1. Return the pair list, or none, for Cβ contacts closer than 7 Å from residues in segment A:13-37 that are more than 10 Å from every other protein chain (Cβ to nearest Cβ) to residues that are not in a helix (DSSP H, G or I), at least 6 apart or on different chains.
2. Could you check segment A:1-111 for helices (runs of 4 or more DSSP H) lying wholly inside it with 2 or more residues that are touching a His at 6+ places or on another chain (Cβ under 7 Å) and surrounded by 17 or more Cβ atoms within 10 Å (Cβ to Cβ)?
3. Of the residues in segment B:147-180, how many are away from every other protein chain (no Cβ under 12 Å) and in contact with an Asp or Glu (Cβ under 8 Å, 6 or more places away or on another chain)?
4. Is segment A:150-166 home to any residue that is at pLDDT 95 or above and among the polar types (S, T, N, Q)?
5. For segment A:215-239, name all the residues that are touching a residue at least 60 places away in the same chain (Cβ under 8 Å), within 11 Å of chain B (Cβ to nearest Cβ) and surrounded by fewer than 24 Cβ atoms within 10 Å (Cβ to Cβ).
6. For segment B:1-56, which residues satisfy the criterion of being in contact with a helix residue (DSSP H, G or I) (Cβ under 6 Å, 6 or more places away or on another chain), facing chain A (nearest Cβ under 10 Å) and closer than 23 Å to residue B:159 by Cβ?
7. Looking only at segment B:84-104, decide whether some residue is in contact (Cβ under 8 Å) with a residue 60 or more places away in the chain, on the phi < 0 side of the Ramachandran plot and under 14 Å from the mean Cα position of the chain (by Cα).
8. When segment A:153-198 is examined, which residues are found to be farther than 17 Å from residue A:32 by Cα, aliphatic (A, V, I, L, M), free of Cβ contacts under 8 Å to residues at least 40 places away in the same chain and outside any helix (DSSP H, G or I)?
Amino acid sequence: MSGVSGLLDHTFMRHALLAALLVGIAAPAVGTYLVQRRQAVMGDGIGHVALTGVALGFLLQTSPVWTAVAVSALGAVGMELIRSRRRAGGDLALALLLYGGMAGGALLISLAPGASTASLTGYLWGSILTVSPADLVAMAVLTVLVAAICIGLRRQLFAVCQDEAFASVTGLPVRALNLLLAVTAAVTVTVSMRVVGLLLVSALMVIPVAAAQRVGRSFAVVQLLAVVVGVLSCVGGTVGSYQLDLPSGPTIVVASMVLLAILAVLAAARPALARSRTGTMARGAVLRPRANRQEPQESR
Amino acid sequence: MCQVTPLALHGVHVHRDGRPVLRGLDLTVRRGEVVALLGGNGSGKSTAVQAAVGALPVAAGRVELFGTPPARFRAWRRVGHVPQRSTATGGVPATVREVAAAGRLAHHGLRPFRRDDADAVDAALDAVGLLDRAEDPIDALSGGQQQRVTIARALAGRPDLLLMDEPLAAVDLAQQHALARTLAAEAARGTAVLLVLHAIGPMEGLIDRRVVLDTGLPVPAEVAA
């Protein structure tokens, strides 16, 4: 373990681990609501739009982080407006964000003085070791904001993501909460881009939630477990990437998938373990009827 | 305040996709009254409920919830709503109790969920016979049981006006009888109830008045009878 404790002697590594911790908290906390609403890949659409924001930052020669926040928030709001107006349009809106964001980023960066698509590589795949103290302060402030929204408005956001028709009749400002969630997701994407990269950011919003679902039975527990899995993946992946000399973003994502696999095996083994312990069929655990998923339909 | 009519629709016209669905509907539900809204598919039953809660714009006419148009209505804690084919399940597991607890949002708002909120949720789950399943994931329940959770969610707010859009579609007969008893108790304490139904069934003895819709207009009583 001397190698691991030695890590903290390096300033850049302390910064990297702190950044990883922040992302590990924020991404799954927001991601739980997106998965709840069956919009698991929305983070990916926002990530691609953020690329245009990063390129705009290079073009204007200002901090790419803030232009990315602004542009991705606009993209997320646009997508939410399309989703809320036309039920079937969400799919197309996502496609527009994905391709428009990529093309916009590549175009703008070619116009930026002294920059090329190579300048974007660190943002596409993450470059956690180059996180500066100024970046860290911005990330910490934004993470506190994201966490406050996700925890403080948990019951409200849960109700809106679960059943909009019901939520509006409890007097909740459904439109405003949906827009808040979209902007929160956009902020999370930009917070995470230095750590895991824009191409993989969505993975951290989704995979920890998928992992937590293997063992959690309630929404509150799944959200909490997802944050735990997210923090373990980010911190573990960062340490692993340093030790094995691998890029941080992909290592973090692979770490989260390993945790998902472990939890899936544990969940699958649970009924079998119960069976061998009791010597009976433990039927309740195995034969729980799953879902009667009725797709919501337009009603008259 | 008690004497204000919980729900009143006056000459309501609603269009969907450019087609008229309601064509001048008059409908009132008074305090303690149970009104059944009946009619075939596409007759406008659900549209009437959605217009009543302000989810659909009204092209002409007037909707009033406790004397106030939905757009200016703020006392949503007085309204319990069971949407049609409600999506009780989501992409993340949630327990029966978590889903039913959403029915208390109009009461506690941004304040924390308190003891009286928890008691109301327990009582509502008990009323639909699902208190013993409170900690189960809602995915593990049958379609009819999930529907009863959405009914508990509406009851948890202890509303003065209950709007239920086909709450019985997948609920078995024994539970329909149990639900009829619950609604009778609600009506006895003064709750106004609007029930959208395909068939009256076990609700027969409960219903004070029935309104049969045909292409957006009530069928005259003598024809409906």
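1. Once the first residue is more than 10 Å from every other protein chain (Cβ to nearest Cβ) and sits in segment A:13-37, its partners that are not in a helix (DSSP H, G or I) give A:14/A:8; A:15/A:131; A:16/A:131; A:19/A:131.
2. So the answer is A:90-111.
3. 1
4. Yes, some residue in segment A:150-166 is at pLDDT 95 or above and among the polar types (S, T, N, Q).
5. Within segment A:215-239, A:220 is the sole residue that qualifies.
6. Listed by number, the residues that qualify are B:53, B:54.
7. The answer is yes, given that some residue of segment B:84-104 is in contact (Cβ under 8 Å) with a residue 60 or more places away in the chain, on the phi < 0 side of the Ramachandran plot and under 14 Å from the mean Cα position of the chain (by Cα).
8. Of everything in segment A:153-198, just one residue is farther than 17 Å from residue A:32 by Cα, aliphatic (A, V, I, L, M), free of Cβ contacts under 8 Å to residues at least 40 places away in the same chain and outside any helix (DSSP H, G or I), namely A:172.
The values are calculated or read from the model by the stated rules, or taken from the named source; none is laboratory data. These numbers were taken from a predicted model, which means no experiment stands behind them. Don't worry about glycine lacking a Cβ; one is built from the backbone with ideal geometry, like all the others, and counts go over all protein chains shown.
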